[in-house]
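To start, the structure under review is shown below, and the notes come after it.
The values are calculated or read from the model by the stated rules, or taken from the named source; none is laboratory data. Keep in mind the model is a prediction, meaning the values are calculated, not measured. Heads up, the Cβs are rebuilt from the backbone with ideal geometry, glycines too, and the neighbour counts pull from every protein chain shown.
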Amino acid sequence: MNKNPSNTMALAPNTSNKRETVCIFGTGDFGRALGHKMIQAGYPVVYGSRSTQISNLIPKDAEVLGHAEAAQKAAIIILAIQRQHYNFLTPLAEVLRGKVLVDISNNLKLNQYAESNAEHLAQLLPGSKVVKAFNTVSAWALQSGTLDASRQVFVCGDDVEAKQMVMNIVRALGLTPLDKGSLLAAQEIENYPLQLFPMWRFPMYLSLGLTAFFFFYCVALDIIYTYIYEKKNFSFFIAITIPNRVCPVMALILLALVYLPGIFAAIIQLYRGTKYGRFPDWLDKWMLCRKQLGLIALAFASLHVVLTLVSPRRAFTKWKTGKGIISQVLNNKTEPLDHTNAWLSDSYLALGILGFFLFVLLGITSLPSISNNVNWREFRFVQSKLGYLALILCTAHTLVYGGKWFLSPSAYKWYLPNIYILSLIVPCAVLVVKFVLIFPCIDKPLTQIRQGWERNPKYAKQTNYIINKSAV
């Protein structure tokens, strides 16, 4: 331990003196939040504003000057202003020459302008070094310490040194910079905050479409048909009964759709005899959104569990139970236990519980915080091996419950099959084809192809040439 206080003071780095002064144009919410965060990180901050009167909202350790005077004090100027106000910068072109201008603006809609805001700024001030950054971080995230928001900051610019200076500031603020390349990437970065779950679009549209189809399919068979031919009003089925039929059907079909693109990919690779050929665009997009499809399927399965648990509380269920008891009392006859139905009922519940357990395990493993802590083999074992086991259990669960309707003529109302029969088409097809693919005579060449073996190198070279040519 050093017992000399003067030596201790000499060895301690004075980080505040090492920080370069940063100028911020704009005293709005983001400008104030960013300035406050920078002061905490040890940066001297000066604000450039039309009004030099200090507001109570401005960080107390910051200085407020006119635009020209503030810009002269710093090598880095952060523009916390919107694109429509860039014109006031033109008279400051000489003052801003050689300075690093950090554009943090966003637009109101995707591709609002022909060129990005950062490129437009570079055209207005060709003597300055424009860098795009901070537009993916909100003022709320900065004020709350970024503990509950994404720490990633996209950075792009044509000047490598200027970009590195901005990335150093990002790191000093406790954020993570991600270099996106030249200023040409600014359009993509500006569009990023405006995108609303881009990878969820297809899964959501598909789920909504299938849900609407199966819902109205059940309404037609269980409510309209019954009302027309049996004169019974079961319209209250819309609240619980029909959703509790649609949810398990959707969960099973969407789970099967998670593994169906892998089946298509295997068939294509076997047909081509190489793994180097590019998959069709529709298959690429389908494979990229498998995680989202699986999570939506888990949501439907969870709703099915909840709806099933509340079913005994329904008036219709209590009425049916009471009616059965009264019927036995009036007939003075107790129905004996049907062991076949007891086995089917217990098997149906056991398969459903096991299937849902694996379903939840798949969903938990897909979380980044969990998947980052397992290696690739462990992740693949859970998502592939246990995933197929979950699909088998859920399919068996549906077969045990709804298999009796396959041969029952009363189940085909208006000659239409029951909803549970429709739900088995896709999962059964996936499982049958997967069973064929694991035969040694097929699995062995498929494994060799995925390890780089080519049955037809000439085809692979032609495919690579086409891909490379299209990339140019």
Within segment 91-111, of all residues that are touching an Asp or Glu at 6+ places or on another chain (Cβ under 8 Å) and crowded, with 21+ Cβ neighbours inside 10 Å, the one modelled with the lowest pLDDT is SER105
Filtering segment 386-416 for residues that are at pLDDT 85 or above and either within 35 Å of the chain's Cα centre (by Cα) or not assigned by TED's automatic domain parsing to the domain that holds PRO243 (or both) leaves a count of 15
PHE357 fails exactly one of (1) in contact with a Phe, Trp or Tyr (Cβ under 8 Å, 6 or more places away or on another chain); (2) modelled with pLDDT of 85 or more; (3) among the aromatic types (Phe, Trp, Tyr), namely (1)
A careful count of residues in segment 58-90 that are within 17 Å of LEU183 (Cα to Cα) and either at pLDDT below 90 or assigned to a helix (DSSP H, G or I) (or both) gives 1
For segment 302-325, pairs from a residue that is among the basic types (Lys, Arg) to a residue that is surrounded by 11 or more Cβ atoms within 10 Å (Cβ to Cβ), with Cβ under 7 Å and 6 or more apart or across chains, are ARG314/ILE240
Within segment 417-446, of all residues that are of a type outside the set (A, V, I, L, M, F, W, C) and within 30 Å of the chain's Cα centre (by Cα), the one farthest from ILE263 (Cα to Cα) is TYR420
For segment 223-239, the count of residues that are within 36 Å of the chain's Cα centre (by Cα) and assigned to a helix (DSSP H, G or I) equals 3
The condition of being in the same structural domain as PRO91 (by TED's automatic domain parsing), closer than 19 Å to ILE77 by Cβ and out of contact with any Gly (no Cβ under 9 Å at 6 or more places or on another chain) holds, among LEU184, LEU173, only for LEU173
Of the candidates ALA141, ALA93, the one satisfying the condition of being outside any loop (DSSP other than H, G, I, E, B) and under 20 Å from VAL46 (Cα atoms) is ALA93
VAL137: passes all of (1) in contact with a Lys or Arg (Cβ under 7 Å, 6 or more places away or on another chain); (2) more than 14 Å from ALA185 (Cα to Cα); (3) crowded, with 23+ Cβ neighbours inside 10 Å but (1)
